[in-house]
Every structure is written in C-alpha cells, then in structure tokens.
Amino acid sequence: MIRLSEQSPLGTGRHRKCYAHPEDAQRCIKIVYHRGDGGDKEIRRELKYYAHLGRRLKDWSGIPRYHGTVETDCGTGYVYDVIADFDGKPSITLTEFAEQCRYEEDIAQLRQLLKQLKRYLQDNRIVTMSLKPQNILCHRISESEVIPVVCDNIGESTLIPLATWSKWCCLRKQERFMETIYRPTGAGYCPAERSATS
C-alpha cells in the first residue's frame, strides 16, 4: 500500500487531490475525496473516456496518460503522468502563464500557445466538459518550447455523448470553449482564427 496521508497534495480540485507518486517521479496519484458530491461520477466518466481514447489516440502530448489504479492509505488512487518542465519544476497553469505576460512578445507567445491548444484538440478530436485556464498546464519541454496540456475535465457528461462520436459536434463544442478561454487570459479572440467548421 502506498502512503499518501503524510504528503501535501500537489493540487486540490473540487473532487480530487493530486499527489506525487512516491515510487515513480514521472507519475502522480489522484484521490477522490468528495465521493458523495459527484466525485465518483466524475472519475467514472473520465475513465470511460480514457478507455475510448486508448483505442484510437496516437498523440498524447496534450493530455496526461492514465496508468490504472493503486491502493493507498487514502483510498483508491488513480495514476496519471505527472506534467513537469524539462528542469524538473512543476508546469504552471495557463492562468499563471497569462499573469506573467507583460509585453507584446509575451502576448504573442500566449496567442501561439492557444492556437497550438486548439490545433491539438481539433486534430485529435479531444472532448472536454469545459476548458478553463486553470485546468491547462504550460509544459515547458525546453528553454524555448512550451506545450499546452489539458489536465482536467476530460470527456463529456451528456447522456448521449455526441461530441465523442461526431467530429462535427466535437469541433463545434471546441470552438465555443476556445472563445471562452481567450477572455480570461486577455489574449483576445480573432474571428480569423475560427475554424472552417464554425
């Protein structure tokens, strides 16, 4: 059994806490701590979507891989890739990245990052329940290269998961989310950046 109770979490969400994996520096363990408040439903939905992705997704650069469960002293743990920069530091969120933007070149880099995120989601037909800056990590893989990684709210909660199975529905949903994510980052949304499917 893996002991996590004496560890401080790397992060805490509405239903889950994320801990460093004490036996594997490349992975993290998520624990559902609000099971009766939608936590169980959320993890079941996410794992179902991960099973779907496991059958078709080739490029995992934009979302963490899922590696199954482990038993911990805090309950069942769900193991994922940890997203850390090339220098070992934790990757910052898109919210933090945007707050650090001070000059025009910073804003240009932020816009490029958002375009990269949009392209990855569209090319790989990744469905998310929402797209919030605090749920996107800026994974710095070198001094000059950053890759956006969606780390939460992956999948969809609708009774009939149209966006999972329909490319058109998926792209429409992504387009709506991209419009909403530009506002809190301050990057602005240019109509010319809309996809041809809009």
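A few points about this structure:
- Where a residue in the stretch 38-49 is within 14 Å of Thr76 (Cα to Cα) and its partner, wherever it lies, is among the hydrophobic types (A, V, I, L, M, F, W, C) and surrounded by 18 or more Cβ atoms within 10 Å (Cβ to Cβ), with Cβ under 8 Å and at least six apart: Gly39/Val32; Asp40/Val32; Ile43/Val32
- Scan of the stretch 1-40 for residues that are assigned to a strand (DSSP E or B) and either out of contact with any Gly (no Cβ under 8 Å at 6 or more places or on another chain) or polar (S, T, N, Q) (or both), ordered by number: Gly11, Thr12, Ala20, Arg27, Cys28
- Single residue of the stretch 52-93 satisfying the filter (loosely packed, with under 15 Cβ neighbours inside 10 Å, at pLDDT 95 or above and under 17 Å from the mean Cα position of the chain (by Cα)) that is farthest from Cys18 (Cα to Cα): Lys58
- Residue in the stretch 130-141 that is at pLDDT 75 or above and farther than 21 Å from Gln100 by Cβ present: yes
- Verdict on Glu6 being within 30 Å of Asp123 (Cβ to Cβ) and not assigned by TED's automatic domain parsing to the domain that holds Arg140: no
The values are calculated or read from the model by the stated rules, or taken from the named source; none is laboratory data. Remember, it's a predicted structure, so these values are computed and weren't measured experimentally. Cβ: placed from backbone, ideal geometry, glycine included. Neighbour counts: every protein chain shown.
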